[in-house]
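Novice: Please read through the structure below; I'll follow up with questions.
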Amino acid sequence: MNHAVTHPVPHHFDSAEQAFQASKLGVWLFLVTEILLFGGLFVAYTIFRGLYPATFHEASHHLNKVLGSINTVVLICSSLSMALGVDRVRQNDPNKAHQYMLLTLFFAVCFLIIKYVEYTHKFHEGLLPGAHFTFAGLKDDPKAPLFFSLYFMMTGLHGIHVLVGMGLIAWVLIRSNRGEFSSGYYTPVELVGIYWHLVDLIWIYLFPLLYLIG
Amino acid sequence: MIAMLLFQWRLPQASNFAPMVDRLFDFILWFSIISFLIIVVGMVFFLFKYWRKKIPEDKSAYITGHTKTEMSVAFFLLVVVMVIFYWGWIDYKAMKTAPEDALEINVIARQWLWQFQYADGKMLTNELVVPKDKPVSLIMTSQDVLHSFYVPDFRIKQDVLPKMYTNVWFVANKTGPYQVFCAEYCGTSHSQMLAKVKVLEPDDFEQWQMTGELPEGMETKVAPAEASAAVSGAAASTQGEPLAEKGKTLFSNKGCTACHSVTGAAGVGPTLKGLFGHPVELVDGQKVNVDENYIRQSITEPQSNMVKGFQPIMPTFKGQLSEEEINALISFIKSLK
Amino acid sequence: MSGHTEVGNYLTHPKGFWSWVTTIDHKRIGIMYMATTMTFFFIGGIFALLVRLELLTPGLTVMSADTYNKFFTYHGAIMVFMFIIPIIPAALGNFFLPIMIGAKDVAFPRLNLASYYIFISGAALAVWALMAHGADTGWTFYTPYSIRTNTSVVLVALGVFVMGFSSILTGLNFITTVHKLRCPGMTFYRMPLFVWAVYATAIIQVLATPVIGITTLLLVMERVLKIGIFDPALGGDAVLFQHFFWFYSHPAVYIMILPGMGIISEVIPVFARKHIFGYKAIAYSSLAIAGISFIVWGHHMFVSGQSPLANLLFSVLTMFVAIPTAIKVFNWTATLYKGSISLKTPMLYAVSFLFMFTIGGLTGLFLAALSVDVHLHDTYFVVAHFHYVMMGGTVMGLLAGLHYWWPKMFGKMYNEWGGKISWALIFIGFNMTFFTQFFLGYLGMPRRYYDYPPQYAGLNMISTIGSWFLFAGFLLMLIYFIRSFFSKEKAADNPWGGKTLEWQIPSPPTEHNFHETPTVTGKPYDYGVVKL
Ligand code: HEA
Ligand code: HEA
Ligand code: CUA
Ligand SMILES: [Cu+2]
């Protein structure tokens, strides 16, 4: 009863169920576009790797596998805690839900910190994209900078998605704190959850392609 | 004025490809005219026949479609477009396969002029001289951005890319000067990036090769009518030493001899004798055929196609050789039969 | 139906400037899109006139080569990204798609408004960049020229990136609306064909636009950070850019044409008072075109140096796309047979669509044939081809729709004679401007040429004079449309006798379209059933 007051079904829908289904379809479509956005980069990666397999093999040794693996685990954990958080909201258990969402945010921050460490290290060594590449070890392989161009583009774009995802989680957290969600209405939480899983999923592809080919 | 508007609407056919392309063009044209007429005459006829001057009632025949007719029309059209496709492909394939004995000329494009580099060392700007009735193959590269080599009267066109070679070939079968355009947008003077192909009788061509003299009427002169408008970039030519000779000199000056023999003996690097046109095996087991692009890459980016059984020690010569010099080296390596 | 008592119409019901800029009513958003994109059409058109003016005579006519290069870039970029891609879906689609399926709004009204503002920001960024610093790459941004030129490619590319988002959100909104908000009885096979067309378009928008997003982003990075992916000097691949660009921009040409085709499928049955011929074939051919459009992009690159095998595949696939299109064209013509036709302005535009789009489409076959394209690529033949499909196709469809729905949108009727005269001017002017260009192209005149050899002078002059007829036609149209706002006379609710839902409600519609959700019991083009 209470939530029906705070969340009346928008005028152009006939039922709450219809509204929920529509939002869900919308978000799924949006995720498709996200995948295609990254798809372009994956295609570029595939082409250049096909052209210069040795270079890519060699260059990937200069990524930090340990940090990469830790980050993979961190993101998978964050996905899990997000899923649990959504489930808690659905079960009318706001306090637990908040804890899970905070945990998710915590993992996300860890991810970014580790990424930051990796980036600074690369900057330091001169493992930079394209024309800025100065790393001596791969100096006479003219294609090596390309690998790092792709590395920074892909992980950078992914990093931006992590940041956006954190913003969204913070947003539903605040709304949840205001008591806006319950088992009757939790669409935004569910949708942010789906988005977060996608961010995780993209990383799961990036990690082996960039770090593990060597 | 009227005479100017009554333009000639067929282009001269000055190469082996021209009649070929025109035949298919005409086929599609007639087919299109017929389909267009069926649709538009039908449409206009219906419009007048069923035109009601007053706001019409909902009175019309209740026809919602006829799947069989639709399918048969679609099938018929499918057959026609497949014919068009196949025909286009056959002709195109011919355009892509240059005969062995073609006269090879290097082309270097840059903003905004064309340079033609002959095996005997001649270097012409904005002027390409070729013999009639003999296949000519152009090996083209660009120094900066994309360009496109286009001779409408020959019906040939090929983009010219930086850092790699593309090819186009033709047999010119009428003498005369023909217009070359740059057909890929390349900046400010894209529309001034013009040149002339001068097709000479074989005798005249030989004469030209010896003395550098063009026959009557073919001299590098701008025709008066052209002077006002699109002035083709001024032509110029220089005579250097033969390309392969120049390549040979470079080959020792740049230190290639330190690692490569030209006699067949393997050294630190593979011998370059008999290399061109034959397959080599790379470290990853892949077999590739040696062409201009392969050699170019071996020189500018040696690590990107490592030959099996050798160490990655060849230094890159990227940035140390001009396009002309790379062409000369390739020409030399080609001559090592 | 005329007794709209308790609420005013959407134009006047909430009042005031603020109520417009914060509106989430799909109709108002549609109108705002229309005003914006039409403005861009006029701006793009003025650049076209300047381009044509320069080409009036060989050599320098009124401007320098650099200016010319900028102007055709502005013309192409504005027309494509700010006019023809958004206009039909975002303006007319926004307005009519929900009404035609009996919905009160699109699925995400707020997102709809957001996508409008995203569009405006992207367009403003791009236009500002064009005006302040210029860009001279052509609308195709080919690398490496676009990496080297010292004009403001970065900002324009960012503008395109942002506008892409708007297009994605619009498409996403429409797909969801069609799936989730159809009124009772509105099955897929009862949807008007315009809805089918916009639906197919939306699929392309959602699936193709992200790729132009990443492409422009990479181009920006290429210029800012020199990442080298598209730059051969840094080991990258210049032709890869072309693949990326056309992977979006080829499907985009069907984003442009499908909604126009949808309008034609509405207008022809209404003005012929006849059931559409082959409803399902037309509906499915839209989807077929959308599907095939993703696998033909390489036909823009036949002489780019891509492998002959790729060329073979792209050529054959391109041929397939002609078949569903041909089915549509035949079905529209067949619809006229034994109809009861009235030649009002919308119908005039619809039949000129048939006339000109057929020419444009058939010349596409010349370009799809490999050996012939080698000769015609990057000549005026291509320019003529795409103006015949975009201007002769999409713009004719748009104008048909604009006249057809004008009384519904504004409750006012335009001057019919004004409509006919301006149609005649546009029809003559268009064919004069662009038919000549087929000859120019066959005779070898390359496109993007500031200057040309004298043998092309005569045809160019005719073409330029044609563009002035076009100007006169559009100016007249602008005048009578503006005048119609001040006309005292109210338009009828259903002046043309349409059967689709938008004609069953008042003109202009009320704020929430329907007082109560309608229930649909029949098909959208049931003419000729009731024989008197
Ligand atoms: C609205 C936009 C639109 C549409 C609908 C089309 C439709 C088609 N286009 Fe076009 N095209 C463009 C916009 C469009 N194009 C643009 C903007 C460019 C250039 C971009 C640039 O470089 O700047 C271009 C360029 C272009 C090229 C590249 C040319 C080059 O650069 O060398 C090719 C090549 O295949 C091509 C082919 C086709 C084909 C086969 C169709 C088909 O879909 C047409 C199908 C229609 C018909 C065939 C007519 C109706 C049918 C009949 C009358 C029945 C009888 C016919 C048969 C089926 C046999 N187009
Ligand atoms: C929707 C797409 C679209 C439309 C509608 C048009 C419309 C027109 N186009 Fe263009 N065109 C393109 C898309 C389009 N074009 C593209 C994509 C290119 C390729 C660019 C490139 O190479 O990168 C191109 C290129 C192009 C060229 C080739 C340039 C070159 O290669 O060098 C030419 C030359 O004739 C041309 C001409 C025209 C003309 C005369 C019109 C006319 O139909 C325009 C008619 C409109 C008007 C005349 C406007 C009237 C204005 C008013 C009435 C306003 C009055 C109001 C006030 C004064 C307040 N266009
Ligand atoms: Cu060189 Cu255009
Ligand atoms: Cu295309």
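Novice: Go through the residues of the stretch B:67-87 one by one and say whether even a single one is surrounded by 13 or more Cβ atoms within 10 Å (Cβ to Cβ), part of a loop (DSSP other than H, G, I, E, B) and either facing chain C (nearest Cβ under 9 Å) or at pLDDT below 90 (or both).
Specialist: Among the residues of the stretch B:67-87, not one is surrounded by 13 or more Cβ atoms within 10 Å (Cβ to Cβ), part of a loop (DSSP other than H, G, I, E, B) and either facing chain C (nearest Cβ under 9 Å) or at pLDDT below 90 (or both), which makes the answer no.
Novice: If you don't mind, there's one more thing I want to ask. Quick one: C:Thr517 ticks every box in (1) at the interface with another protein chain (Cβ under 10 Å from one of its Cβ atoms); (2) within 30 Å of C:Ile428 (Cα to Cα) bar one, so which box is it?
Specialist: (2)
Novice: Moving to a separate point now. Please determine whether any residue of the stretch C:309-322 is free of Cβ contacts under 8 Å to residues at least 12 places away in the same chain and either open to solvent by 10 Å² or more (accessible area, probe 1.4 Å) or not in a loop (DSSP other than H, G, I, E, B) (or both).
Specialist: Yes: one or more hits.
Novice: Further question on the same structure: Can you say whether C:Leu365 is within 9 Å of chain B (Cβ to nearest Cβ), among the hydrophobic types (A, V, I, L, M, F, W, C) and farther than 27 Å from B:Val145 by Cβ, as far as the supplied structure shows?
Specialist: Against the criterion (within 9 Å of chain B (Cβ to nearest Cβ), among the hydrophobic types (A, V, I, L, M, F, W, C) and farther than 27 Å from B:Val145 by Cβ), C:Leu365 qualifies.
Novice: Separate question: Criterion first (open to solvent by less than 10 Å² (accessible area, probe 1.4 Å), over 30 Å from B:Thr64 (Cα atoms) and within 10 Å of chain A (Cβ to nearest Cβ)) does C:Thr177 satisfy it?
Specialist: no
Novice: Looking only at the stretch B:116-169, which residues are in a loop (DSSP other than H, G, I, E, B), under 22 Å from B:Val290 (Cβ atoms) and more than 14 Å from every other protein chain (Cβ to nearest Cβ)?
Specialist: Listed by number, the list holds a single entry, B:Ala119.
Novice: Is one or more of the residues making up the stretch B:53-62 more than 7 Å from every other protein chain (Cβ to nearest Cβ) and exposed (fewer than 15 other Cβ atoms within 10 Å of the Cβ)?
Specialist: Yes, the stretch B:53-62 has at least one match.
Novice: Another question, if that's okay. Which residue pairs have Cβ atoms closer than 8 Å, lie 6 or more positions apart in sequence or on different chains, and pair a first residue in the stretch B:83-95 that is without any contact (Cβ under 8 Å) to a residue 24 or more places away in the chain with a second residue that is away from ligand 1 (no atom under 15 Å from the Cβ)?
Specialist: Sorted first by the residue in the stretch B:83-95, then by its partner, the pairs are B:Tyr92/C:Pro308; B:Lys93/C:Pro308.
Novice: Give all pairs with beta carbons closer than 8 Å in which a residue from the stretch B:147-170 that is farther than 14 Å from B:Gln115 by Cα and touching a residue at least 60 places away in the same chain (Cβ under 8 Å) meets a residue that is within 16 Å of ligand 2 (Cβ to nearest atom) and of a type in the set (Gly, Ala, Ser); count only pairs at least 6 apart in sequence or on separate chains.
Specialist: As it stands, the answer is B:Pro152/C:Gly444; B:Asp153/C:Gly444, since those pairs meet every condition given.
Novice: Could you list all residues from the stretch B:128-144 that are out of contact with any Leu (no Cβ under 9 Å at 6 or more places or on another chain) and either farther than 12 Å from B:Asn106 by Cα or within 16 Å of ligand 1 (Cβ to nearest atom) (or both)?
Specialist: B:Asp133, B:Gln143, B:Asp144 - these are the residues of the stretch B:128-144 that are out of contact with any Leu (no Cβ under 9 Å at 6 or more places or on another chain) and either farther than 12 Å from B:Asn106 by Cα or within 16 Å of ligand 1 (Cβ to nearest atom) (or both).
Novice: Collect the residues in the stretch C:143-174 that are surrounded by fewer than 23 Cβ atoms within 10 Å (Cβ to Cβ) and out of contact with any His (no Cβ under 8 Å at 6 or more places or on another chain), keeping them in residue-number order.
Specialist: C:Arg148, C:Thr149, C:Asn150, C:Val154, C:Leu158, C:Phe161, C:Val162, C:Phe165
Novice: Based on this model, can you work out whether C:Ala103 counts as outside any helix (DSSP H, G or I) and buried (at least 20 other Cβ atoms within 10 Å of the Cβ)?
Specialist: When the stated conditions are applied, C:Ala103 passes them.
Novice: Could I ask something else about it? When you go through (1) under 18 Å from the mean Cα position of the chain (by Cα); (2) over 19 Å from A:Trp28 (Cα atoms); (3) open to solvent by 10 Å² or more (accessible area, probe 1.4 Å) one by one for A:Ile213, which number turns out not to apply?
Specialist: So the condition that A:Ile213 fails would be (1).
Novice: Against the condition open to solvent by 10 Å² or more (accessible area, probe 1.4 Å), assigned to a helix (DSSP H, G or I), free of Cβ contacts under 8 Å to residues at least 40 places away in the same chain and more than 16 Å from ligand 3 (Cβ to nearest atom), how does C:Ala114 come out, does it pass?
Specialist: It is false that C:Ala114 is open to solvent by 10 Å² or more (accessible area, probe 1.4 Å), assigned to a helix (DSSP H, G or I), free of Cβ contacts under 8 Å to residues at least 40 places away in the same chain and more than 16 Å from ligand 3 (Cβ to nearest atom).
Novice: Looking at (1) at pLDDT 90 or above; (2) facing chain C (nearest Cβ under 9 Å); (3) out of contact with any helix residue (DSSP H, G or I) (no Cβ under 6 Å at 6 or more places or on another chain), can you tell me which one B:Gln8 breaks?
Specialist: (1)
Novice: Ok, one more. Which count do you get for residues in the stretch C:491-524 that are at pLDDT 85 or above and either farther than 26 Å from C:Ser340 by Cα or aromatic (Phe, Trp, Tyr) (or both)?
Specialist: So the count comes out to 9.
Novice: Still on this structure: Determine which member of the set C:Leu97, C:Leu125, C:Leu60 is at pLDDT below 90 and either crowded, with 23+ Cβ neighbours inside 10 Å or more than 14 Å from C:Asp25 (Cβ to Cβ) (or both).
Specialist: Going through C:Leu97, C:Leu125, C:Leu60 in turn, just one is at pLDDT below 90 and either crowded, with 23+ Cβ neighbours inside 10 Å or more than 14 Å from C:Asp25 (Cβ to Cβ) (or both): C:Leu60.
Listed here are the residues, each with its yes/no results for (1) open to solvent by less than 20 Å² (accessible area, probe 1.4 Å); (2) within 24 Å of B:Phe31 (Cα to Cα).
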{"position": "C:Lys344", "(1), (2)": "no, no"}
{"position": "C:Tyr349", "(1), (2)": "yes, no"}
{"position": "C:Phe355", "(1), (2)": "no, yes"}
{"position": "C:Leu362", "(1), (2)": "no, yes"}
{"position": "C:Ala369", "(1), (2)": "yes, yes"}
{"position": "C:Leu376", "(1), (2)": "yes, yes"}
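Novice: Now for a separate question. Identify the residue in the stretch B:121-154 that is among the hydroxyl-bearing types (Ser, Thr, Tyr) and surrounded by 23 or more Cβ atoms within 10 Å (Cβ to Cβ) and, among all such residues, is nearest to B:Ala172 (Cα to Cα).
Specialist: Per the stated criteria, the residue is B:Tyr150.
The values are calculated or read from the model by the stated rules, or taken from the named source; none is laboratory data. These figures come from a predicted structure and were not determined experimentally. Heads up, the Cβs are rebuilt from the backbone with ideal geometry, glycines too, and the neighbour counts pull from every protein chain shown. For the accessible areas, the whole protein counts, side chains as well, though only heavy atoms, and no ligand, DNA or RNA atoms are used. Shrake-Rupley method; radii C 1.70, N 1.55, O 1.52, S 1.80 Å.
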